[in-house]
1. For the range 107-152, how many residues meet the condition of being at pLDDT below 90 and closer than 30 Å to residue 202 by Cβ?
2. Among the candidates 214, 200, single out the residue that is in contact (Cβ under 8 Å) with a residue 60 or more places away in the chain, assigned to a loop (DSSP other than H, G, I, E, B) and buried (at least 18 other Cβ atoms within 10 Å of the Cβ).
3. Please count how many residues of the range 1-20 are in a loop (DSSP other than H, G, I, E, B) and more than 16 Å from the chain's Cα centre (by Cα).
4. Which one of 227, 171 is modelled with pLDDT of 95 or more, in contact with a strand residue (DSSP E or B) (Cβ under 6 Å, 6 or more places away or on another chain) and surrounded by 21 or more Cβ atoms within 10 Å (Cβ to Cβ)?
5. So if I check each of 118, 96, 85, which one is surrounded by fewer than 16 Cβ atoms within 10 Å (Cβ to Cβ) and either in a loop (DSSP other than H, G, I, E, B) or on the phi > 0 side of the Ramachandran plot (or both)?
6. Is it the case that residue 191 is in contact with a strand residue (DSSP E or B) (Cβ under 8 Å, 6 or more places away or on another chain), under 28 Å from residue 94 (Cα atoms), modelled with pLDDT of 95 or more and not in a helix (DSSP H, G or I)?
7. Output the number of the condition that residue 56 fails; it satisfies all remaining conditions of (1) at pLDDT below 95; (2) closer than 15 Å to residue 207 by Cβ.
8. In contact with a strand residue (DSSP E or B) (Cβ under 6 Å, 6 or more places away or on another chain) and either modelled with pLDDT under 95 or under 30 Å from residue 6 (Cα atoms) (or both): does that describe residue 99?
């Protein structure tokens, strides 16, 4: 594994590799703020949606093939352990006034709500922000249409919001991005809301994807660190920083590829 030195090999760079291995090379307390959304393990499903590659109602969904260099399909216990290991590293590298904004989704599996407490339990969760998405689909008659995802604010004791940022409520409405080549992109405006609500100077996204966090950080004159296991996404993020329109899908494919909401049920039973 390649060795990196902080800060020269990290600041305002995209690093391609295993996120835990790379975070282990960052000194304690070096990153002011972490904003991220990990893979949701959507293909590990009790239904007949994405798990077997057929997609069910989502046969044309962007996530049907998983992510580049990651198929989003772990046994649930192993997935939860992996995410807890990631959060432990994140918590180590933020200072006493640092925070993690950790976006995840709740979903129904085998008829029971999977609320991610097996991942976040024991971490200093200060608040849950509701990200209300516009649109969405529900193919399951067993429950109502899910319309939101959650962002866990995991904060150390001295963390405070920037001046007047506490005037924002805890329910945020942002449309999802449909034109991005990445199968599950963050809305840029959502990340800008998070970063601008803090005084953080250095922002890490350990699951950088198409580089939305880096783009938002650059717009707000902050430093960033981006990590992703996929060389394809690392290149996408670099290109996007130079030209934000480079991640847009060609117009002739937009109508063919469905950007499945990360809270859509994808055939879960």
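1. Number satisfying all stated conditions: 1.
2. 200
3. Looking only at that region, the number is 13.
4. The conditions single out 227.
5. 96
6. The answer is no for residue 191.
7. All conditions pass for residue 56, except number (2).
8. Against the criterion (in contact with a strand residue (DSSP E or B) (Cβ under 6 Å, 6 or more places away or on another chain) and either modelled with pLDDT under 95 or under 30 Å from residue 6 (Cα atoms) (or both)), residue 99 qualifies.
The values are calculated or read from the model by the stated rules, or taken from the named source; none is laboratory data. A quick note: this is a predicted structure, and the numbers were derived from the prediction, not measured. We place every Cβ from the backbone using ideal geometry, glycine too, and count neighbours over all the protein chains shown.
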